[in-house]
Amino acid sequence: MSGRFATQAAIDPPRFLVALSDKNRTFRVAGAAEHLAVHILDRSQLSLAELFGSHTGDDTDKFAQCGWSDGPHGLPILDDAAAWFTGAIVGRVDLGDHVGFLLDPDRGELRSDMSDPVMFDDVRDLDPGHGA
Ligand SMILES: Cc1cc2nc3c(=O)[nH]c(=O)nc-3n(C[C@H](O)[C@H](O)[C@H](O)COP(=O)(O)O)c2cc1C
């Protein structure tokens, strides 16, 4: 998850909110999607945060530069992510220059103990691939 605007949004039923900038290719792809995948990284995977946060799919085939496999709903799941989940998009909320995608998480995997997760300070100096 290179996203900074992402949070659990409800407990029962569980919901997760991902805010995508309307400038990003990810936003355009998500517009036609029924499901999204969210990846969680730990500090040993900062290169993935750099790849996905600092490059846009408009210029770079990011998935050609990392390992991934087919996951639920045909979504690409990154081989090296510490954890991931997929979810159905059950709502879209206009947030201004971002749109909130409300997810109903359905499948996922925790591959590490997440004792050393990527925090915002680790990535705050990355240059986004697309302007905000
Ligand atoms: C630390 C960091 C956090 C970011 N958080 C978000 C976010 O929450 N939502 C978003 O839409 N873009 C966010 N971005 C920007 C995109 O990751 C970036 O513009 C990326 O290059 C877009 O790629 P795309 O055009 O392939 O979607 C963030 C970038 C960085 C460096």
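Mind listing whichever residues of region 26-45 are away from the ligand (no atom under 11 Å from the Cβ), in a helix (DSSP H, G or I) and under 22 Å from residue 109 (Cβ atoms)?
Those that are away from the ligand (no atom under 11 Å from the Cβ), in a helix (DSSP H, G or I) and under 22 Å from residue 109 (Cβ atoms): 43, 44, 45.
Restricting the first residue to region 3-25 and requiring it to be closer than 16 Å to residue 92 by Cβ and assigned to a strand (DSSP E or B), which pairs with a second residue that is open to solvent by 40 Å² or more (accessible area, probe 1.4 Å) and small (Gly, Ala, Ser) meet a Cβ separation below 9 Å and a spacing of at least six or different chains?
15/9; 16/9; 17/9; 18/3; 19/3; 20/3; 21/131; 21/132
I'd like to check something: does region 53-72 contain any residue that is closer than 21 Å to residue 129 by Cβ, among the β-branched types (Val, Ile, Thr), in a helix (DSSP H, G or I) and out of contact with any His (no Cβ under 8 Å at 6 or more places or on another chain)? Give the steps one after another, and end with the answer.
Of all residues in region 53-72, those closer than 21 Å to residue 129 by Cβ come to 53-68.
Now restrict to residues that are among the β-branched types (Val, Ile, Thr): 56, 60.
Then drop every residue that is not in a helix (DSSP H, G or I), which leaves none.
Checked region 53-72: no residue is closer than 21 Å to residue 129 by Cβ, among the β-branched types (Val, Ile, Thr), in a helix (DSSP H, G or I) and out of contact with any His (no Cβ under 8 Å at 6 or more places or on another chain).
Residues 113, 121, 127: which one is within 14 Å of the ligand (Cβ to nearest atom) and in a loop (DSSP other than H, G, I, E, B)?
Working: 113 fails: within 14 Å of the ligand (Cβ to nearest atom); 121 fails: in a loop (DSSP other than H, G, I, E, B).
Exactly one of 113, 121, 127 is within 14 Å of the ligand (Cβ to nearest atom) and in a loop (DSSP other than H, G, I, E, B), namely 127.
Out of (1) loosely packed, with under 13 Cβ neighbours inside 10 Å; (2) farther than 23 Å from residue 17 by Cα, the odd one out for residue 60 is which?
Residue 60 satisfies all of (1) loosely packed, with under 13 Cβ neighbours inside 10 Å; (2) farther than 23 Å from residue 17 by Cα except (1).
Restricting the search to region 6-36, which residues are open to solvent by less than 60 Å² (accessible area, probe 1.4 Å) and polar (S, T, N, Q)?
The answer is 21, 24.
Is there a residue in region 37-46 that is open to solvent by 80 Å² or more (accessible area, probe 1.4 Å) and among the hydrophobic types (A, V, I, L, M, F, W, C)? Before you say what the answer is, go through the steps one by one.
Of all residues in region 37-46, those open to solvent by 80 Å² or more (accessible area, probe 1.4 Å) come to 43-44.
Keeping just the survivors that are among the hydrophobic types (A, V, I, L, M, F, W, C) gives none.
No, there is no match, as no residue in region 37-46 is open to solvent by 80 Å² or more (accessible area, probe 1.4 Å) and among the hydrophobic types (A, V, I, L, M, F, W, C).
The values are calculated or read from the model by the stated rules, or taken from the named source; none is laboratory data. Bear in mind the structure is a predicted one, so any value in this text is a computation, not a measurement. With ideal geometry, Cβ positions are generated from the backbone for all residues, glycine too; neighbour counts draw on all protein chains shown. Note: accessible area is taken over every heavy atom of the protein model, side chains too, but ligands, DNA and RNA are not part of it. Shrake-Rupley method; radii C 1.70, N 1.55, O 1.52, S 1.80 Å.
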